[in-house]
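In what follows, a single structure is set out as structure tokens and then discussed.
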Ligand SMILES: [Zn+2]
């Protein structure tokens, strides 16, 4: 079993990666979090991730990835780029190479700490056209990481085939529904919990939440 092993979770403080953190806690003896500072629009995101890690008693490493913004300016880091998606194009929130770089750096940190398990909240079901959220990319990267460092990494993607409602269900099953709802930050406008309600991230999160609550037959 995995109970005697250690995992590193790529952790942003959002709904998905926080759910992954709870999932990892239920699966592994020891869990650490890696958070990437790449000049997000809102410093609140890093702060939120740090508070969650602290509250859950999880050791967190924050890595400076500001070079990502230097290489590829995008709507997640630049106030002057609107969050937008045109028909047939990748959304402006897509950052070339982000998951490739994040997972590679997380793998290096994990190996240093003697951990071979990596956990990431990428998801192909609701994917907004991000090529580096697809299962085929993750499987390919897993092989590449193992070859590059001669180390038996296993990348876990507990959300890969879940839709947003099923991700809420998973959080609930892990006993983390209220925690995820109140303490995580998904909103592009930097408002935690239920967020601004207007941006694409809030709309997606809310639609999933409503669908889940409806299926559950409860009230909000
Ligand atoms: Zn929002």
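State whether the residues of the range 83-105 include one that is at pLDDT below 85 and more than 26 Å from residue 136 (Cβ to Cβ).
Among the residues of the range 83-105, at least one is at pLDDT below 85 and more than 26 Å from residue 136 (Cβ to Cβ), which makes the answer yes.
Can you spot a residue in the range 167-175 that is under 30 Å from residue 115 (Cα atoms), within 16 Å of the ligand (Cβ to nearest atom) and without any contact (Cβ under 8 Å) to a residue 60 or more places away in the chain?
no
Among the residues in the range 184-196, are any within 24 Å of residue 28 (Cα to Cα) and buried (at least 17 other Cβ atoms within 10 Å of the Cβ)?
Yes, the range 184-196 contains a residue that is within 24 Å of residue 28 (Cα to Cα) and buried (at least 17 other Cβ atoms within 10 Å of the Cβ).
If you take the residues of the range 192-206 that are on the phi < 0 side of the Ramachandran plot and touching a helix residue (DSSP H, G or I) at 6+ places or on another chain (Cβ under 8 Å), which of them is nearest to the ligand (Cβ to nearest atom)?
196
Within the range 141-166, count every residue that is out of contact with any helix residue (DSSP H, G or I) (no Cβ under 6 Å at 6 or more places or on another chain) and in contact (Cβ under 8 Å) with a residue 60 or more places away in the chain.
Total satisfying the criteria: 1.
Quick one: in the range 176-190, of everything that is over 14 Å from the mean Cα position of the chain (by Cα) and without any contact (Cβ under 8 Å) to a residue 24 or more places away in the chain, which residue is nearest to the ligand (Cβ to nearest atom)?
Here the residue is 182.
Please go through the range 169-195 and give me each residue that is farther than 19 Å from residue 51 by Cβ and at pLDDT below 95, ordered by number.
Listed by number, the list holds a single entry, 188.
The values are calculated or read from the model by the stated rules, or taken from the named source; none is laboratory data. Values in this document were obtained by computation on a predicted structure and should not be read as measured data. Here the Cβ is made from the backbone with ideal geometry for all residues, glycine too, and neighbour counts use every protein chain on show.
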